[in-house]
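The structure appears right after this line, and notes come after that.
The values are calculated or read from the model by the stated rules, or taken from the named source; none is laboratory data. Remember, predicted model here, so these are calculated numbers, not experimental data. Neighbour counts are summed over all protein chains in view; Cβ atoms, including those assigned to glycine, are modelled from backbone coordinates with ideal geometry.
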Amino acid sequence: MKNTYASYLAVLLAMSSSSTAAVLWTTTFSGSNNTVRTLINTSTGAFTDSLSGSYALSFNISDPSPLFNTGTGNTLNNFNPNKNVDNVTGAGWNSVFAFGAGSQSITLSDVTFNVYRFNSSGNTQATDANVRSVLINADFTLDGGASWTSLAAQKSVNLTNSVTSSPNIPLDFALGTPVAVNLATEDFRIRYTVTNDATNVGAYNGISSIAFSGSVVPEPSAALLGGLASLVLLRRRRI
């Protein structure tokens, strides 16, 4: 009998837990040259939230009138303030992306930025002999910006590795401990910050997409029904 109860408990725990971590949704961008960009969210698998479709992006930058420039290999589907991050010490920009308008609960484990390098003409750049390093930080908030927590440690990225044929450099920020996010009640936002690392070689930094990985937390009713069904099956097997 004890073994049977232990089996029942194991089934209930398994049914109430979230599913295996995977990419939940990916954010890309749209817009016109020299205007604000709009977030376009694509969900996958068990994650079905539309996140209210698209959002106009806000950003902070030292240049009072930043432009979104485009060129060869650098399309309107990217987020690319026209700022030479690695040319002057202290140069940089940051942007906040808001995703707090859903209905599901998730356990977030990773946020991956696909970043790339371009020049003052907006063209993506091939690898060269210079080391064009920038410092990139990523933070998240669950209260709309009242308090921020780092996704992971600051990263030093050599944008020289961005090549013309395939410019994206996947930059993964993995949380040491996955964080629970209730998109129905919490104002979830991600802040991306890129700054100069004092080498002053010259590099413009952009983002082509952002991917959010983790698992969807099942609705309590669904988990309970699944657990009860499994209990019935175990009971029948015992009989």
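What strands (runs of 3 or more DSSP E), lying completely within the range 41-141, carry at least 2 residues that are over 19 Å from Pro170 (Cα atoms)?
Fully inside the range 41-141 and qualifying: 54-56, 58-61, 92-98, 105-118.
If you go through the range 1-19 one residue at a time, do you hit one that is at pLDDT 80 or above and surrounded by 17 or more Cβ atoms within 10 Å (Cβ to Cβ)?
no
Could you please give the count of residues in the range 202-222 that are more than 16 Å from Val96 (Cα to Cα) and either in contact with a strand residue (DSSP E or B) (Cβ under 8 Å, 6 or more places away or on another chain) or buried (at least 17 other Cβ atoms within 10 Å of the Cβ) (or both)?
Total meeting the criteria: 9.
For the structure I just gave you, tell me whether Leu183 is crowded, with 17+ Cβ neighbours inside 10 Å and within 21 Å of Phe59 (Cα to Cα).
In short, no.
Can you tell me which residues in the range 18-40 are among the β-branched types (Val, Ile, Thr) and either closer than 30 Å to Asn69 by Cβ or not in a loop (DSSP other than H, G, I, E, B) (or both)?
Once the filter is applied, which keeps residues that are among the β-branched types (Val, Ile, Thr) and either closer than 30 Å to Asn69 by Cβ or not in a loop (DSSP other than H, G, I, E, B) (or both), the range 18-40 yields Val23, Thr26, Thr27, Thr28, Thr35, Val36, Thr38, Ile40.
Return yes when Val134 is in contact with a helix residue (DSSP H, G or I) (Cβ under 9 Å, 6 or more places away or on another chain), closer than 27 Å to Ser147 by Cα, touching a residue at least 12 places away in the same chain (Cβ under 8 Å) and assigned by TED's automatic domain parsing to the domain that holds Val23 and no when it is not.
yes
Table: residues versus (1) farther than 24 Å from Ser215 by Cβ; (2) in contact with a strand residue (DSSP E or B) (Cβ under 9 Å, 6 or more places away or on another chain); (3) not charged (D, E, K, R).
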position: Ala138; (1), (2), (3): no, yes, yes
position: Asp143; (1), (2), (3): no, yes, no
position: Ala152; (1), (2), (3): no, yes, yes
position: Ser156; (1), (2), (3): yes, yes, yes
position: Leu159; (1), (2), (3): yes, yes, yes
position: Thr164; (1), (2), (3): yes, yes, yes
position: Pro167; (1), (2), (3): yes, yes, yes
position: Leu175; (1), (2), (3): no, yes, yes
